[in-house]
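Working notes, beginning with the structure itself.
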There are 2 protein chains.
Amino acid sequence: MLKASICTIGDELLIGQVIDTNSASISRAIGAIGAKVTAMVSIPDDGARIISDLKAQLAVNDIVITTGGLGPTKDDITKQALATLSGTDQYYMHDGQLEIVHAILKSRGLDVLDINRQQAMVPKTCEVILNKRGTAPIMVFRGLGSGNSTLYAMPGVPFETEAALPDVVADIVAHYPTDNILHRNIMTYGMAESALAKKISDWEDSLPEEVHLAYLPDPLKGVRLRLSIYSGSLDNEKQIIDNKIKELSDILGDTIYSYEDDTLEGAIGKILKEKGLTLSVAESCTGGEIAHLITTVPGSSAYFLGSVTSYAVKIKEQVLGVPAETIEKYGVVSSQTVEAMADGVRKLTGSDYAVATTGFAGPGGGDEREPEGTVWVGIATPKGVFSQRYNYRNDRRRNIQRFAASALFTLLKRLRSEVLYV
Amino acid sequence: MLKASICTIGDELLIGQVIDTNSASISRAIGAIGAKVTAMVSIPDDGARIISDLKAQLAVNDIVITTGGLGPTKDDITKQALATLSGTDQYYMHDGQLEIVHAILKSRGLDVLDINRQQAMVPKTCEVILNKRGTAPIMVFRGLGSGNSTLYAMPGVPFETEAALPDVVADIVAHYPTDNILHRNIMTYGMAESALAKKISDWEDSLPEEVHLAYLPDPLKGVRLRLSIYSGSLDNEKQIIDNKIKELSDILGDTIYSYEDDTLEGAIGKILKEKGLTLSVAESCTGGEIAHLITTVPGSSAYFLGSVTSYAVKIKEQVLGVPAETIEKYGVVSSQTVEAMADGVRKLTGSDYAVATTGFAGPGGGDEREPEGTVWVGIATPKGVFSQRYNYRNDRRRNIQRFAASALFTLLKRLRSEVLYV
């Protein structure tokens, strides 16, 4: 088992200015080739600390991946510390990265200054993996630690690090024995991690020893189940894992919404696109979050017509055509109101499908009928109008996320039953 | 200077399943009392590793704060490791926390099992700070390291950790000499960090030595400038810092949108609420993000009437009343179209103010008039209709964020000029 350490470098991390997202994305990427992350460490911009902390990590790991401290300003001292650590004070210009530096500055309409060219200069002791999205290349130092450890120095900007990760992973695979690995994702929604674990515990116990199961929960996506096989001949195991997924599908039913790493809005988009159907949204308490999620999917303009956020009651009445008597009789957070909203936005936009929400995200704000944390979801389709109630107990932001995800899941289930399973 | 280390515990961190947000929020909280964070470390759920890593941190820090590993399941072994580390195998029941355990389970309609009561049992060697939002108390172990170090063990759930942080900070202040500290925040929008730094470099150089300036950038909030004074008599320094902020205000003008830690949507909300004005939104490329941001502000229903996301051209025409000729003649991403959208939603909802966006968030999607990354922002007010163009070069998600923040900033500037500076 390959042992790895992830070291993020920069004062901005230690003072809490920036939340470190690089460590998690690097860990997921190298975890996929079976590397085990033994430690994550954040180190200040201090040359002596960088050298001593990295030496300590190199002594007990095969791979050390650093991010940050490679910028052009005087705060950024990682490169110099790595030169010292690897026993050189000599640098060379990397022509491939220099070309990228020129291209990036040109695209921004800026001149190339010495300080920019400097970015493509690297210690003699390292090889380079190109950084296609930024000016600082990825530096690869081999033969460190007790002689077999490798250090990869990546940029701190997540946008750049994520783009370079596949090349770093390929380099690790090329230089270290890694396991044959097969991953399969199953996306579920609507069951908490603990309830899900209980429901599938017999199935989990029946998994062959070489199959590993991970639970990856996300408030907007639900719980992703990841099945991994880390060794053996893949043909054989593909069969095993396919059979196991079929069993799981029978146990979980429509709690499963995708068999690839997807989102609820992504899964909805695929069905709508394939069937040539259109969608509109009417929101209240979710305040635009559902429309926002739908439109983060590239190509969503093919099926998403638009949405109305009716925060004020009079917008529900005047724009969406919800009868004033409905709101008065049943309350603004009710099955009847949300169905009228869904029906109203469907008629207003002429869409095939519509989803609506009305609820109390808090803090406070429940009425005599429904407490804070309640959302009613309405769905209008060519076959009729439907609604469902959910209740959550979180703070305002988290409630809004849960409400939006519940609305998307309710829509997805309805879509599947009406257009897929027919 | 108080030295501190933040240690997050849990396999879920090391496999990249969870992004650590606790370290940053803890660092900001203790940074505010002048503590310096020397290291952030993530440690797996492994008793021996927890003990050895924490001992190493305690040897060189006054304060060590851990999060995680305090749950009721068998994976959670932090409490046991801390008992060992502090030299005990004896536990006691903390009655105050036990009451909270009962209250929390009751509110969820669940029975209190032994496994739940267990949560309120803590090692004899620790004091307790109550966890009001969760079942596992904060444990305080004093006299560690070389005799003067304190370890605070906090829960891993950010919602719980954030709520308990003020009590932990108060405990640190009660037990260690901390500096007199004064922080002041200045929120800016519309200038990149580097451009801002250049513009205020003379002013920055003129700051007295005891005044520290930090740049805290955020895609949705702009750059927050934080001025801190860590020592001396506060009265005196309040005067110094107030004078310096006045100078800064003259240099930056309406780039500054708040003198407290705020958001664009928060600053907008304050003005609207104070003046009794209402707001509506028409979105296209931002797909609901602006309405979503506005409604994350508690109490926004006092001024936000609603929004229309007109993704399809026909919704722009039929719901917002944008003339088909305008779109045909000037393009869907244009000054004329966005002004018609803003005007249309203002009339539709009867709001005092309206903000609208139309643009190309990418990937792809520019037309012969405007490239990908362009957004037109329109503002309709009692005094007229206005528009402004912005261009960004990011990926889709980041472009949508930038577009939304630019729209909010444009609205805020207009609001201030029309209702504040009169």
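The values are calculated or read from the model by the stated rules, or taken from the named source; none is laboratory data. A quick note: this is a predicted structure, and the numbers were derived from the prediction, not measured. Cβ: placed from backbone, ideal geometry, glycine included. Neighbour counts: every protein chain shown.
For this structure, a couple of remarks:
- When residues in the range A:25-38 are screened for being within 30 Å of residue B:219 (Cβ to Cβ) and surrounded by fewer than 23 Cβ atoms within 10 Å (Cβ to Cβ), 5 of them pass.
- Any hit, the range A:55-65, residues being crowded, with 24+ Cβ neighbours inside 10 Å, closer than 19 Å to residue B:41 by Cα, out of contact with any Phe, Trp or Tyr (no Cβ under 9 Å at 6 or more places or on another chain) and free of Cβ contacts under 8 Å to residues at least 40 places away in the same chain: no
- The helices (runs of 4 or more DSSP H) located wholly in the range A:259-351 that include 2 or more residues which are over 26 Å from residue A:397 (Cβ atoms), without any contact (Cβ under 8 Å) to a residue 12 or more places away in the chain and acidic (Asp, Glu) occupy A:324-330.
- Hey, residue B:290 in contact with a Leu (Cβ under 7 Å, 6 or more places away or on another chain), of a type in the set (Val, Ile, Thr) and surrounded by 17 or more Cβ atoms within 10 Å (Cβ to Cβ) or not: yes
- Filtering the range B:356-401 to residues that are assigned to a helix (DSSP H, G or I) and either buried (at least 22 other Cβ atoms within 10 Å of the Cβ) or away from every other protein chain (no Cβ under 14 Å) (or both) leaves B:399, B:400.
- Some residue of the range A:19-35 being hydrophobic (A, V, I, L, M, F, W, C), within 14 Å of another protein chain (Cβ to nearest Cβ) and in contact with a Gly (Cβ under 6 Å, 6 or more places away or on another chain): yes
- Candidate set: the range B:66-98, residues that are of a type in the set (A, V, I, L, M) and in contact (Cβ under 8 Å) with a residue 40 or more places away in the chain; chosen: the one farthest from residue A:194 (Cα to Cα): B:85
- Residue match in the range B:162-184 (condition: within 27 Å of residue B:262 (Cα to Cα), in contact with a Lys or Arg (Cβ under 9 Å, 6 or more places away or on another chain) and β-branched (Val, Ile, Thr)): no
- You will find that of B:116, B:131, the residue that is touching a Pro at 6+ places or on another chain (Cβ under 6 Å) and either crowded, with 19+ Cβ neighbours inside 10 Å or assigned by TED's automatic domain parsing to the domain that holds residue B:33 (or both) is B:131 and no other.
- Tally, over the range A:297-315, of residues that are facing another protein chain (nearest Cβ under 7 Å) and either farther than 26 Å from residue A:262 by Cα or touching a Ser or Thr at 6+ places or on another chain (Cβ under 9 Å) (or both): 11
- Entry remark, the range B:23-69: residues being part of a strand (DSSP E or B) and either outside the structural domain of residue B:8 (by TED's automatic domain parsing) or among the hydroxyl-bearing types (Ser, Thr, Tyr) (or both) number 4 in total.
- In the set B:272, B:264, B:320, only one residue is crowded, with 21+ Cβ neighbours inside 10 Å and away from chain A (no Cβ under 14 Å); that residue is B:264.
- Qualifying residue in the range B:329-339 (condition: among the basic types (Lys, Arg), at pLDDT 95 or above and surrounded by 24 or more Cβ atoms within 10 Å (Cβ to Cβ)): no
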